[in-house]
Amino acid sequence: MEEGHSHSDAHSAHKEGFWRRYWFSTDHKVIGLQYGFTALLFLLFGFGLMLLMRWQLASPGVEIPLLGALTPEMYNQFGAMHGTIMVFLGIVPLAVGAFGNYVVPLQIGAPDMAFPRLNMASYHFYFWGGVVMLSSFFVPEGAAKAGWTSYPPLADIETMGQTMWLWGMVLLITSSLLGAVNFIVTIIQLRAEGMTFFRLPFFVWAQFITAFLLLLAFPPLEAAGFLQLADRLLDTSFFLPSGLVTADGPLEVAGGGSPLLWQHLFWFLAHPEVYVLILPAMGIVSEILANNTRKPLWGYRLMVASLIFLGFFSFIVWAHHMFITGMGTTISAFFQVTTMIISIPSVVILSALMITLFGGSIRFNTAMWFALGFLPMFGIGGLTGLPLGLAPTDIPLHDTYYVIGHFHYVVAPGTIFALFAGIYYWFPKVTGRTMNETLGRIHFWGSLVAMNGIFFPMLIQGLPGVSRRLFDGGLTYSFAEGVIHYNVVMSVSAFILLLFQLPFIINFFMSIKRGRKVEKSNHWESTTLEWSAAPTPPIGHGNFATVPTVYHGPYEYSVPGHESDFCPQDVPVALSGSDTAKSVES
Amino acid sequence: MQIPYEVQARPDTGVNNAKLGIWLFLASEVMLFGGLFAAYVFLRIGADAWPGMMMYGTEVMAERADEILNVPLATLNTMILIASSVTMVMAWASLKMDRFDRYKLYMGLTILLALGFLVVKSFEYGEKFDHHWYASTNNFLGVYFVLTGLHAIHVTGGILVNAYFWGPGTKLWKRGTARDKAHFTNRIEVAGLYWHFVDLVWIFLFPTIYLI
């Protein structure tokens, strides 16, 4: 239902006002940047909440400047909002909203997204969802305190902040749904001539599968959100069992509901959500590895097949988050099997990326360092997940710091490293200038060490059974006696991590104005269309001077007999060993 | 800058952008209502009695759903919605035959029928409130109000979209070129797909909530 865009040609001709150009823009590149800046601010804010919590954990009861000593209620608010903000307002919008929006249309040779005004609406829903979430800190008794998972019955009887959380989520889900429809239609409909599905860069494939996950997994959470809103606002009891008693006496509701129902609906979203967090990261890393090893990705088709398999299977593993709920051993057995199976395609992709390195003549720039850092860190995250996928080992580990350590390895030095890699890699595309390499390396090595300093001790603390929900860091908890001193290590590491983000922030803003100018459009000598066919930096509306035609696969690096070590997708040369040649042979 | 395949179908995929978009959107809507129906099944299987007890009481509210809900009114509403789906198709077909006057008639009828559905629905709700039966009374009524309420919101959304295409949205058709007319016809087809989906949700809601 899009209006014709015959008028937008006129727009690029005359100067648009500030609001029209930067706030109500329909250009995918501007919207990508809007997502990027907003998401980075939310990441920083979520990181700040975590620092306050870590300060408290290292020295319980300490007076924090401006805030004073943390109360347990404040600690719970920070915990719930740290998770929500990092996942729904930070990483997903950065990985999908920012990188997906900016890069996908360029990589497939499209003039824009399929529905530019819907794209603008997605950003605005996201932005206001974020505003609602943040403003919930200022309502009576503060923001949501029931964890990012919002389990009832606790969430049903929580204070007003929880209602704000639910409305915020409804806005964020709407944003994701509109975005997902837009991505899928764009990738299916707007591919340039000759850009077949098996010539799509792996990053585009990752965004494609991610969009399907968002499209189909988010609505059940929206359904659950509506039911919880009804519980809170209409006094229904969908999630409240009969005979529930709280500190204020028996709850005056009809009862007969089921807290387990929420968990099923929530994890039906939230497990695919894990793949929403990791697939775009794998896509970014693949682009950078192929570009900097100057080699084709090893097993491109196998990787795509694994991606599709991951997408399907991610819908039938959700109850491995629920082994201790008493849902029954038969169901547990089913979900253990599917969980073990889904680890295979992840291993395939990671192995393919490792093999890609083999025999390459690697260019070690900052983007490549972050991409290389992703591989072992995501590996640790994945391997520590296996014991959590099997009920016998999950039961003692459930709700301990081990779980926190596991998924932070996946998401922090995993996904966030990939996102940093993406920023360093595509920065010249956006600005026409490069970021400083020395500051970049300080950022990388400092972050790598600090992140391991935070997350590895969590695994150690979790094994003896230290609960993840302790406000005092385990002072009054006998399980924690032997490992409580690690709290200081983790908290100091967290502040060191903050320190090592400063070179990044300085580098980022300095380079926009003062970075070294790129000498040619295709700065990294890449094969994909965003570098080879489109001007760097992009000029206003419209992506390509002439619509590119694609002649071969995405990673034709170091083709024997070719005069340079890269052969862009839009350059019509016959390549022996390329996919076109292969299809002729077969 | 012109987005390709806004009006014409892309040769290798066989659809235009908006049609693919609406099908994907409907897929997500299937998951939304699928989640709600699944919740309904889950709650009903776990309940001791269904429709269940009065609040705080031991008194059984009713043995069967149709003793609480008004089946004749709901049957009337089912027929109204099905009729509105028919008029929606007629509206689209009229455009295909280049009969704009007929389009206005049929689209107008679709909107009126949809409004009729909401009027009947509000009588139904009012009847429940007169008995002091609310969503909080028990989970049967909770499911009834939340699912039919969410459906009614979808109906309202459909009315707004259709009203736009009945009134200000017709400017596109009146520009008169073949491309504009084809574009407008596509929009009505897309709006129609959404409208049939809303109809279909009701076709599932009616038996599962009122009859069994």
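The values are calculated or read from the model by the stated rules, or taken from the named source; none is laboratory data. On a predicted model such as this, the values are computed, not experimentally measured, just so you know. Ideal geometry is used to build each Cβ from the backbone, glycine not excepted, and the neighbour counts take in all protein chains shown.
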Restricting the stretch A:227-258 to residues that are within 8 Å of another protein chain (Cβ to nearest Cβ) and hydrophobic (A, V, I, L, M, F, W, C), which is surrounded by the fewest Cβ atoms within 10 Å (Cβ to Cβ)? A:Leu234
Can you tell me which residues in the stretch A:141-194 are aromatic (Phe, Trp, Tyr) and more than 11 Å from every other protein chain (Cβ to nearest Cβ)? A:Trp148, A:Tyr151, A:Trp165, A:Trp167
Inside the stretch B:134-167, can you point out the residues that are part of a loop (DSSP other than H, G, I, E, B) and surrounded by fewer than 21 Cβ atoms within 10 Å (Cβ to Cβ)? B:Tyr134, B:Ser136, B:Gly167
Can you tell me which residue among A:Ser361, A:Ser343, A:Ser351, A:Ser306 is in contact with a Leu (Cβ under 9 Å, 6 or more places away or on another chain) and either over 21 Å from A:Leu261 (Cβ atoms) or aromatic (Phe, Trp, Tyr) (or both)? A:Ser343
Looking at this structure, is B:Phe165 modelled with pLDDT of 95 or more and more than 13 Å from chain A (Cβ to nearest Cβ)? no
Does A:Phe198 meet the test of being more than 10 Å from chain B (Cβ to nearest Cβ), part of a helix (DSSP H, G or I) and touching a strand residue (DSSP E or B) at 6+ places or on another chain (Cβ under 6 Å)? no
With respect to A:Leu459, is the statement that it is in contact with a Gly (Cβ under 8 Å, 6 or more places away or on another chain), in a helix (DSSP H, G or I) and of a type outside the set (Val, Ile, Thr) true? yes
The listed residue being surrounded by 14 or more Cβ atoms within 10 Å (Cβ to Cβ), of a type outside the set (Lys, Arg) and closer than 12 Å to A:Leu51 by Cα, out of A:Ala480, A:Ala494: A:Ala494
When B:Leu24 is evaluated against the numbered criteria (1) more than 7 Å from chain A (Cβ to nearest Cβ); (2) under 30 Å from A:Trp262 (Cβ atoms); (3) of a type outside the set (S, T, N, Q); (4) assigned to a helix (DSSP H, G or I), which criterion, by number, is the only one it fails? (1)
Selection from the stretch A:336-387 of residues that are among the hydroxyl-bearing types (Ser, Thr, Tyr) and closer than 16 Å to A:Pro280 by Cα: A:Ser346
Looking at (1) assigned to a helix (DSSP H, G or I); (2) touching a helix residue (DSSP H, G or I) at 6+ places or on another chain (Cβ under 8 Å), which one does A:Met510 not meet, given that it meets all the others? (2)
Might you let me know whether the stretch B:168-178 holds any residue that is under 15 Å from the mean Cα position of the chain (by Cα), crowded, with 17+ Cβ neighbours inside 10 Å and of a type outside the set (Phe, Trp, Tyr)? no
Identify, from the list A:Gly311, A:Gly405, A:Gly379, the residue that is within 24 Å of the chain's Cα centre (by Cα) and outside the structural domain of A:Leu498 (by TED's automatic domain parsing). A:Gly311
The one condition B:Val30 fails out of (1) farther than 30 Å from A:Ile108 by Cα; (2) under 19 Å from the mean Cα position of the chain (by Cα) is (1)
Restricting attention to the stretch B:1-20, report how many residues are in a helix (DSSP H, G or I), facing chain A (nearest Cβ under 8 Å) and in contact with an Asp or Glu (Cβ under 9 Å, 6 or more places away or on another chain). 2
One residue is enough: does the stretch B:23-40 have a residue meeting the conditions surrounded by 16 or more Cβ atoms within 10 Å (Cβ to Cβ), hydroxyl-bearing (Ser, Thr, Tyr) and closer than 30 Å to A:Ser25 by Cβ? yes
Within the stretch A:48-86, residues in contact with an Asp or Glu (Cβ under 9 Å, 6 or more places away or on another chain), aliphatic (A, V, I, L, M) and surrounded by fewer than 20 Cβ atoms within 10 Å (Cβ to Cβ) come out as A:Ala69
Check the stretch A:482-501 and report whether any residue there is of a type in the set (Gly, Ala, Ser), free of Cβ contacts under 8 Å to residues at least 24 places away in the same chain and over 22 Å from A:Leu372 (Cα atoms). yes
With (1) part of a loop (DSSP other than H, G, I, E, B); (2) surrounded by fewer than 16 Cβ atoms within 10 Å (Cβ to Cβ); (3) more than 10 Å from every other protein chain (Cβ to nearest Cβ); (4) not small (Gly, Ala, Ser) as the list, and B:Thr75 as the residue in question, which single condition is left unmet? (1)
Tell me which of these A:Leu94 doesn't satisfy, since it passes every other one: (1) outside any helix (DSSP H, G or I); (2) crowded, with 21+ Cβ neighbours inside 10 Å. (1)
Is it the case that the stretch B:133-146 has a residue that's free of Cβ contacts under 8 Å to residues at least 60 places away in the same chain, within 13 Å of chain A (Cβ to nearest Cβ) and more than 29 Å from B:Ile68 (Cα to Cα)? no
Only one residue in A:Ala224, A:Ala211 is over 25 Å from A:Gly382 (Cα atoms), surrounded by 24 or more Cβ atoms within 10 Å (Cβ to Cβ) and in contact with a Phe, Trp or Tyr (Cβ under 8 Å, 6 or more places away or on another chain). Which one? A:Ala224
Is it true that A:Pro105 is in contact with a Phe, Trp or Tyr (Cβ under 6 Å, 6 or more places away or on another chain) and at pLDDT 95 or above? no
Could you tell me whether any residue of the stretch A:268-279 is over 17 Å from A:Leu388 (Cβ atoms), away from chain B (no Cβ under 14 Å) and among the hydroxyl-bearing types (Ser, Thr, Tyr)? no
Residue list for the stretch A:228-247, filter: within 11 Å of A:Ile157 (Cα to Cα), touching a Gly at 6+ places or on another chain (Cβ under 9 Å) and not in a loop (DSSP other than H, G, I, E, B): A:Asp231
Checking the structure you have, find out if any residue of the stretch B:191-205 is surrounded by fewer than 19 Cβ atoms within 10 Å (Cβ to Cβ), among the aromatic types (Phe, Trp, Tyr), out of contact with any Leu (no Cβ under 7 Å at 6 or more places or on another chain) and at the interface with chain A (Cβ under 10 Å from one of its Cβ atoms). no
From the option list A:Met435, A:Met458, single residue qualifying as in contact with a Phe, Trp or Tyr (Cβ under 6 Å, 6 or more places away or on another chain), touching a residue at least 12 places away in the same chain (Cβ under 8 Å) and closer than 26 Å to A:Glu73 by Cα is A:Met458
When you go through A:Ser306, A:Ser351, A:Ser286, A:Ser343 one by one, which is the residue that is within 30 Å of A:Thr366 (Cα to Cα) and without any contact (Cβ under 8 Å) to a residue 24 or more places away in the chain? A:Ser351
